[in-house]
Amino acid sequence: MIERTFVMVKPDGVQRGLVGEIISRFELRGFKICGMKMMRIPRELGERNYEEHKDKPFFKPLLAYITSGPVICMVLEGENAVAVVRSMMGKTNPQDAMPGTIRGDLAQVTGRNVIHGSDSSESARREINLFFNEYELHEYQRPDEGWLFEE
Ligand code: DAT
Ligand code: MG
């Protein structure tokens, strides 16, 4: 099933110059970039994005981290995109993330784990609508689609 998911390169990923490396992995895997922008997340948007964690002890440092500098937001489309992007990201704690995953290759600690990705189709829908309006999302064909998918 072709679906869309929301992905964000967090402030540490931007500051460390990892944006190209991370986007490249998704492009090479065959994901289609349907939307992309750089922004500094306002506090309120950060709170809404992570509202599931608002009672956790790490909520305050998480919010400070995510609003500490610009991020790159993306909507990616592909077969089973939510689960596949999560598998490419690796475990939340980079020390548990497998080599070959983004966190397993590029990060050290949970509080600086370089990337966010939606964890279910419901969160994907919610997060895409939170970060993008309809004019920022695009439909187009990749010329390699005939070879990425069976007909
Ligand atoms: P993920 O980002 O893998 O979806 P999550 O949604 O459980 O993980 O948590 C969101 C972010 O919050 C995570 O990327 C880093 C931070 N975080 C999660 N668990 C934490 C913990 N136990 N201590 C510190 N920060 C944590
Ligand atoms: Mg999450």
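Please determine whether any residue of region 69-78 is open to solvent by 10 Å² or more (accessible area, probe 1.4 Å) and over 20 Å from Ser123 (Cα atoms). Reasoning before the result, please.
Of region 69-78, the ones open to solvent by 10 Å² or more (accessible area, probe 1.4 Å) are 70, 72, 77.
Next cut, over 20 Å from Ser123 (Cα atoms) only: 70.
Among the residues of region 69-78, at least one is open to solvent by 10 Å² or more (accessible area, probe 1.4 Å) and over 20 Å from Ser123 (Cα atoms), which makes the answer yes.
Cβ-Cβ contacts under 8 Å between residues 6 or more apart (or on different chains), taken from a first residue in region 52-66 that is more than 8 Å from ligand 1 (Cβ to nearest atom) to a second residue that is polar (S, T, N, Q), are listed as Ile66/Asn49. Does Leu45 meet the test of being away from ligand 1 (no atom under 13 Å from the Cβ), out of contact with any Lys or Arg (no Cβ under 8 Å at 6 or more places or on another chain), more than 22 Å from Ile23 (Cα to Cα) and open to solvent by less than 60 Å² (accessible area, probe 1.4 Å)? When the stated conditions are applied, Leu45 passes them.
Is it the case that region 123-133 has a residue that's of a type in the set (Ser, Thr, Tyr) and closer than 26 Å to Glu52 by Cα? Within region 123-133 (the criterion being of a type in the set (Ser, Thr, Tyr) and closer than 26 Å to Glu52 by Cα), the answer is yes, since at least one residue qualifies. In the set Ile22, Ile2, only one residue is within 12 Å of the chain's Cα centre (by Cα) and modelled with pLDDT of 95 or more; that residue is Ile22. Kindly provide the set of residues from region 98-151 that are part of a strand (DSSP E or B), without any contact (Cβ under 8 Å) to a residue 24 or more places away in the chain and surrounded by 11 or more Cβ atoms within 10 Å (Cβ to Cβ), ordered by number. Passing the criteria: only Thr101.
Look through Lys32, Lys37, Lys91, Lys54 and report the one residue that is of a type in the set (D, E, K, R) and more than 15 Å from the chain's Cα centre (by Cα). I'd like the intermediate steps shown before the answer.
On the way: Lys32 fails: more than 15 Å from the chain's Cα centre (by Cα); Lys37 fails: more than 15 Å from the chain's Cα centre (by Cα); Lys91 fails: more than 15 Å from the chain's Cα centre (by Cα).
The conditions single out Lys54.
For region 22-35, residues that are surrounded by fewer than 16 Cβ atoms within 10 Å (Cβ to Cβ) and of a type in the set (A, V, I, L, M) total 1. All of Asp96, Asp144 fail the test of being within 15 Å of ligand 1 (Cβ to nearest atom), on the phi < 0 side of the Ramachandran plot and out of contact with any Ser or Thr (no Cβ under 7 Å at 6 or more places or on another chain), apart from Asp96. Scan region 67-78 for residues that are more than 15 Å from ligand 1 (Cβ to nearest atom) and more than 13 Å from the chain's Cα centre (by Cα) and jot them down. Of everything in region 67-78, those that are more than 15 Å from ligand 1 (Cβ to nearest atom) and more than 13 Å from the chain's Cα centre (by Cα) turn out to be Gly69, Pro70, Gly78. Are any of the residues in region 81-88 free of Cβ contacts under 8 Å to residues at least 12 places away in the same chain and under 17 Å from the mean Cα position of the chain (by Cα)? Scanning region 81-88 turns up at least one residue that is free of Cβ contacts under 8 Å to residues at least 12 places away in the same chain and under 17 Å from the mean Cα position of the chain (by Cα).
When restricted to residues that are assigned to a helix (DSSP H, G or I) and either over 19 Å from Val9 (Cα atoms) or within 15 Å of ligand 2 (Cβ to nearest atom) (or both), region 46-80 contains 13.
The values are calculated or read from the model by the stated rules, or taken from the named source; none is laboratory data. Only a predicted model underlies this, so the values are computations on that prediction, with no experimental measurement involved. Heads up, the Cβs are rebuilt from the backbone with ideal geometry, glycines too, and the neighbour counts pull from every protein chain shown. Surface accessibility is based on the protein's heavy atoms, side chains included, excluding ligands, DNA and RNA. Shrake-Rupley method; radii C 1.70, N 1.55, O 1.52, S 1.80 Å.
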